[in-house]
1. So for chain B: antiparallel DSSP bridges make up what percent, rounded to the nearest 5?
2. Quick one: compute the contact order of the stretch B:263-334, relative version, from alpha carbon pairs under 8 angstrom and 6+ residues apart, as a percent.
3. For each cysteine in the protein assembly as shown, check whether another cysteine's C-beta sits under 4.7 Å from its C-beta; list those where none does.
4. Can you work out ³J(HN,Hα) from phi for every residue in the stretch B:158-174, in order, using Karplus 6.51 cos²θ - 1.76 cosθ + 1.60 and θ = phi - 60°, giving whole Hz and x for Gly and Pro?
5. Please state the relative contact order of the stretch A:178-274 as a whole percent: Cα pairs under 8 Å, 6+ residues apart?
6. Amide H of A:Thr128 versus every other amide H placed in the peptide plane: which residues, excluding those fewer than 5 positions away on the same chain, fall under 5 Å?
7. Could you work out [θ]222 nm for chain A from helices alone, using -39500 (n - 2.57) per DSSP H run of at least four and dividing by all its residues? Round to the nearest 500 deg cm²/dmol.
8. Give the peptides A:248-256, A:150-158 in descending order of average Cβ contacts within 10 Å, highest first.
Amino acid sequence: MDIFPQAFSDAILLAGLYTLMAVGLSLGFGVLRIINFAQGEMIMLGAYGAFWLFTLMGVDPLISLPLLVVAGFALGWVLFHGVVAKVLDAPHINQILLTFGIGLAIQHVAIILWTGNARSTTPDYATTSSVVGDVLLVHGRVTAFAAAVVMVAALIAWLQWSETGRATRAVAENRSAAVLMGIDVNRIYALSFGVSCALSVATGVVVSFILTITPFMGFPMLVKAIAIVILGGLGSIAGTVLGAFALAFAETFVSYYLPEGSGWAEGIAFVLIIGILLVRPRGILGQAVET
Amino acid sequence: MRLGGSRTAFGSLVALLGAAALAGVPSAQAQESFKIGAPVSSSGRYVAYGAQGKKGIETAVEMWRKVRGDKVAGRQIEVLFRDTQSNNAITVSLMNAFIQTDKVDVIIGPDGSNVAAAAVPPWKKLENRPIWLMPGGSSDVIEREVGPDPYFFHTYAWSYYYHDNNVKALAAALGTKKKVALLYSDGAYGRAHVDDARKYIKDAGFDLVLDELVREGSSDYNPTLAKVRARRPDILYLAVQTNDAIQLTKQIQAARLNVPYLVGTAQAQLPEWQDAVGDAQVCWTGVTTWVPGLRYPADAKEPGLFPSAADWEKMWTAKYNAVPEFLEVGYYASTIMTLLAVEATNSTDREKLKEWLEKQEYQTPLGSSKFEKSRVAMHQAFGTMVVFQREKKPDGTFGSVLLYPEQVATGKLKPCAS
């Protein structure tokens with residue numbers, strides 16, 4: 001049996017997940033010029049939110065998704081005004097330490113509240129599948145892909161056609177010009193940080209039925225998201241989508257076609273990223289960033 | 001006058017001090033205590049194991065007080081619980097403090113294999129190291145690190161016992177003319193298990209058709225599962241740690257592999273795996289030292305401390321409103337054994353305790369407490385493992401059918417529904 005269609009389908013589904021995982025980070029950096037190192041913990045909080053709503057109240061993760069996205073946005077808004085706004089003009093090392101510290105604090109609170117036990121949500125679609133031609137489609141992954149497409153499409157539509165979205169792009173492009181045009185930059189910053197956190201929480205909700213939930217799940221995802229954002233080009237949403245697809249295809253095809261490929265997949269994917277960055281240091285669609 | 005007066009005063013002083021000293025002798029004896037150092041992971045990633053260990057020790061001391069009274073050989077029982085925070089560096093500090101500052105008589109613990117391995121060097125380097133019972137760590141790396149040390153008593157199964165028992169159970173149920181696909185993770189757990197899993201599978205005569213590494217924490221195991229599907233094995237044998245086992249179990253269910261027998265190691269006994277995978281747990285086999293429903297008899301000499309496994313399980317369930325976990329029973333049995341050792345020898349002397357532990361044999365809820373040599377270690381007990389299969393009962397709850405060894409079996413190995 002030809003495994004190419006299966007590998008291709010798995011890569012596409014994984015790419016959707018990776019896009020959702022990285023797009024919030026990309027938006028946050030594009031507008032605020034801050035890499036939020038607590039982004040992984042936002043994913044973790046989304047996953048726990050979905051888990052507890054599913055376990056205690058029987059709420060399907062897809063039903064809890066809008067509710068948790070709003071909660072994620074509120075958390076981001078509060079974090080921005082309470083903490084992040086104070087370091088906007090500080091050196092990058094201060095910003096990194098601050099967001100890293102927020103992430104660590106959230107992680108440790110999660111350990112205290114929920115222990116280090118591994119968990120997962122188990123809606124029916126998490127463990128069922130359909131066969132289309134020669135391709136096996138796991139319903140949980142298809143659902144996650146669909147949710148990711150909807151969320152990313154909504155983000156792009158907001159940036160493209162809404163007034164606040166256009167203002168956000170203006171701030172990302174040239175902060176000083178945006179100020180001169182009368183845009184409330186601080187409000188846009190708060191909005192962007194909130195949306196960025198909401199997207200991470202959404203990622204957590206969809207991975208809650210695919211991956212294993214623990215307080216430590218955020219950091220490996222953050223590393224992958226940063227790699228995708230760098231590969232695609234810092235601050236470029238389209239670049240992030242391309243970066244996610246590049247990483248997902250590299251990992252999946254190495255896993256399928258090399259002996260013990262699963263073990264090599266991440267390593268080779270990151271070698272590929274290094275190779276691309278050597279040729280094009282700004283990433284696939286990145287522009288020069290003034291810091 | 002002054003001299004005479006001084007003599008009188010001096011004599012009085014000596015008499016007073018002598019009297020005080022004499023009066024103080026029984027007082028000091030009464031204050032003497034038997035100290036157990038208990039490194040447990042009360043926070044961090046091994047917190048679930050730490051909670052089990054603590055509860056096991058506390059219940060053992062409580063049971064001792066109920067059956068034998070508050071003291072052991074005239075000594076107060078003092079347990080010093082210290083939190084490893086699931087952190088190797090902190091575990092090293094704790095072991096040093098137990099031995100050099102607290103001067104404990106016995107150490108029981110710690111729990112997860114990582115922190116247990118970290119505890120070895122600080123204990124091993126000290127000449128005056130106390131007796132150490134380890135009812136937690138299973139990695140044979142620990143065994144190699146400790147070596148044939150006379151003061152180390154391992155009271156849990158080493159990792160290779162899992163595969164020895166698993167393979168024997170499979171061979172007994174299915175014969176060895178079967179194809180096996182082995183998946184192992186590239187983390188510490190998989191690496192510690194894979195060589196022995198491979199060895200026992202091949203030595204038994206099974207056909208190992210796939211021997212594949214999976215990435216720990218991978219986002220997608222479908223590529224690996226596609227390779228399993230292509231080899232059409234009769235048995236899928238998994239050696240991965242719990243986090244990956246959860247994701248893999250769900251993906252295996254979704255992938256419709258049609259593999260008749262799904263074999264796990266430690267994860268199938270853990271409530272966190274069972275809760276996280278839901279219906280996908282059905283049909284998986286696991287291997288453990290303890291599973292509810294064991295039928296070991298009570299000890300003839302100490303039925304109050306070591307009742308039958310069924311009675312002990314009943315006692316525990318009534319007390320905590322939960323079935324006992326494998327570490328709880330292991331820590332319980334280990335603690336009772338140290339208390340019996342102190343009482344029998346009327347001493348906390350390391351040599352006397354060691355000699356007594358080497359000779360004792362009780363029938364505990366976890367099986368025989370007799371120590372034997374393992375591959376490297378001088379003292380190994382409770383290595384008898386039970387192989388079980390998860391099932392869904394008619395009332396919708398999940399349970400385990402005991403498959404192996406034959407004397408504890410409550411059912412036969414069943415193939416998974418395709």
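Where a number appears in this text, it was derived from the coordinates with a stated rule and is not lab data. Just so you know, these numbers come straight off a predicted model, no measurement behind them. So basically every Cβ, Gly included, is an ideal-geometry build from the backbone, and we count neighbours across all protein chains shown.
1. Counting only bridges with both partners in chain B, antiparallel ones make up about 30 percent.
2. The value is 24 percent.
3. Result for the protein assembly as shown is A:Cys197, no neighbouring Cys Cβ within the cutoff.
4. Here the 3J(HN,Hα) series is 6, 4, 6, 5, 4, 6, 4, 5, 4, 5, 4, 5, 5, 5, 5, 8, 10 Hz.
5. Relative contact order comes out at 14 percent.
6. A:His139, A:Gly140
7. Value at 222 nm, helices only: -25000 deg cm²/dmol.
8. Highest to lowest by the protection proxy: A:248-256, A:150-158.
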